[in-house]
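> Pasting a structure here, questions to come.
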Amino acid sequence: MRRTLSAFIVAAVLAWTLPVKADDLVYARFGEFLESMRVQAGVPGMVAAIVGSDDVLWERVFGDANLERGIPTRIDTPFHIDGLTELFSSSLVLNCVEQGRLSLDERVGRFRPSSRDANLTLRQILTHTDGPESNPSYRYQPDRLEPLSSAIRACTDDSYRETLGNFMDRSGMFDSVPGPDVATLVPPAEGVLSSEFQRYGQILGRLAAPYSFDAAARRVSVSQYDASTLTPTSGLISTVQDLEKFDLSIKRGILIQQDTLEMALRAPTAANGQRLPHAMGWFVQNYLGYDVYWQFGQGAGSSALFVTWPGRELTFIVLANSNGLTKPFNLGAGDLQAAPMGKLFLNLFIR
């Protein structure tokens, strides 16, 4: 029954002819489809946005951030963003490359000699590849990026947490927290100042509660977050509004230069000429002849999608307090269309 409904929604979207320029009606229908998918996925609370070239085009909140306390989701509700943290880690590395402080061809062993991937380069780690450069192979294992924290420290002389915090400040992301354990630090540990400590504590107090969903029983239950600290691929807590600021900072070339970004978005190719699914920090996928760049987050009680289409400088961001957006769909294989909300965005806005 639920699968049939989901298929009906996608079919309806495919049959709907849209104008070249999205208007209020398009966004209203988009929100309605998202709400239907949220209910099917057993997601208690969710927030979504679409960002254009220089401004936020649309925002909407859905459901509850905390069911037990009856707290509705707000546009400034913080969520664990899990794998979206990789977007920030790759940006930090690329920023160091621009400054000449790191080289993408340096071996991981220089920064973490004990790493099982000590012989791989930073480029390979960021693209989730190994093997010879003439014939790389793709293996999606996010924990392999953990040594990037040491590489970033070698570049900045600051901890990964402090460097990330400074990076977010440059984007005006003052409603984000670099790790759920930041409240356990004693200022100025890891560069966390007393004023920041207070701000982080207030943000964590608004954090969406985590939930899991039993699809067979159609039952939602309280869960817990996987991330207990900050790593290059998990632990960052943010709001959709702060992620909008990050997106605009990337588009405007504030965080990394445009030519650096273009280089980072070129995914490696195998010996047979086939493009692999992952560039530096981003999945790369062709849809209707257009390249789309995206990343996803997935934890025990959270999930997220971040999709950007340079063709019209559109970005879709969605955050949730259960894993229903991403877990059932094996997004690590590199196909955004496997996730209903990803497919919805592609079908509605790329024409």
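> Any idea what log10 I(q)/I(0) is at q = 0.13, 0.20 Å⁻¹ for region 265-351, Debye with uniform C-alpha scatterers and no solvent?
Reported log10 I(q)/I(0), two decimals: -0.41, -0.92.
> Using a Gaussian network model on the chain with a 10 Å cutoff between Cα atoms, which of Asn323, Asn272, Asn286 fluctuates the most?
Maximum among the listed residues: Asn272.
> Here is a further query. Counting only protein heavy atoms, what percent of the accessible surface of region 44-107 is carbon or sulfur at a 1.4 Å probe?
42 percent
> Now a separate question. For a quick check, take a GNM of the chain with Cα springs below 10 Å and name the residue from Glu86, Glu146, Glu244 with the largest mean-square fluctuation.
Glu146
> Please state the charge dipole magnitude for region 90-221, taken about the Cα centre, from unit charges on C-beta atoms (+1 on K and R, -1 on D and E), reported in debye and rounded to the nearest 20.
Roughly 320 debye, rounded to the nearest 20.
> Taking only protein heavy atoms and a 1.4 Å probe, what accessible area per residue, in Å², does the chain have with all protein chains in place?
Dividing the accessible area of the chain by its residue count gives 42 Å².
> Given a cut-off of under 8 Å on Cα pairs at least six residues apart, what relative contact order in percent is computed for the chain?
Dividing the mean separation by the residue count of the chain yields 24 percent.
> Of Ser176, Ser149, Ser137, which is the most mobile in a GNM of the chain whose springs link Cα atoms less than 10 angstrom apart?
So, out of Ser176, Ser149, Ser137, the one fluctuating most is Ser137.
> Could you give the spread of the C-alpha atoms of region 88-144 along their three principal axes, from largest to smallest, in whole angstroms?
29, 22, 22
> Per DSSP H run of n ≥ 4, the term is -39500 (n - 2.57); total these for the chain, divide by its residue number, and report the mean residue ellipticity at 222 nm rounded to 500 deg cm²/dmol.
One gets -9500 deg cm²/dmol as the mean residue ellipticity at 222 nm.
> Rg to Rh ratio, region 108-258, alpha-carbon atoms and Kirkwood radius?
1.02
> Under 1.5 on a/c is rounded, so check that first for region 175-250, then, if it is not, pick prolate when a/b is larger than b/c and oblate when it is not; a ≥ b ≥ c are the square roots of the alpha carbon gyration tensor eigenvalues.
prolate
> Given a 1.4 angstrom probe, I'd like the percentage of the accessible area of region 221-320 that is carbon and sulfur, rounded to a whole number.
The nonpolar share, carbon plus sulfur, comes to 46 percent.
> Using the Cα gyration tensor of the chain, with a ≥ b ≥ c the square roots of its eigenvalues, what is the shape: rounded (a/c below 1.5), prolate (a/b larger than b/c) or oblate (neither)?
It is oblate, given that a/c is not under 1.5 and a/b is not larger than b/c.
> Right, here's the next one. Classify region 22-172 as rounded, prolate or oblate, taking a ≥ b ≥ c as the square roots of the eigenvalues of its Cα gyration tensor: rounded when a/c is under 1.5, otherwise prolate if a/b is larger than b/c and oblate if not.
Taking the square roots of the gyration eigenvalues as a ≥ b ≥ c, region 22-172 is prolate.
> Starting from the exponent 0.38 and prefactor 2.2 Å, build the expected Rg for region 177-321 from its residue count and divide its actual Cα Rg by it.
1.25
> Another one. If Lys and Arg each add +1 and Asp and Glu each add -1, what is the summed charge of the other residues whose beta carbon sits under 15 Å from the beta carbon of Gly83?
Here the count lands on -3.
> While we're here: Each residue of region 335-345 in order: what ³J(HN,Hα) in whole Hz does its phi give by Karplus 6.51 cos²θ - 1.76 cosθ + 1.60, θ = phi - 60°, with x for Gly and Pro?
In residue order, the calculated couplings are 10, 5, 5, 5, 8, x, 6, x, 5, 4, 4 Hz.
The values are calculated or read from the model by the stated rules, or taken from the named source; none is laboratory data. Everything numeric in this text was worked out from a predicted model, so none of it was measured. Reconstructed Cβ throughout: ideal geometry from the backbone, glycine too, with neighbour counts over all protein chains shown. The area values use the complete protein model at the heavy-atom level, side chains included, leaving out ligands, DNA and RNA. Shrake-Rupley method; radii C 1.70, N 1.55, O 1.52, S 1.80 Å.
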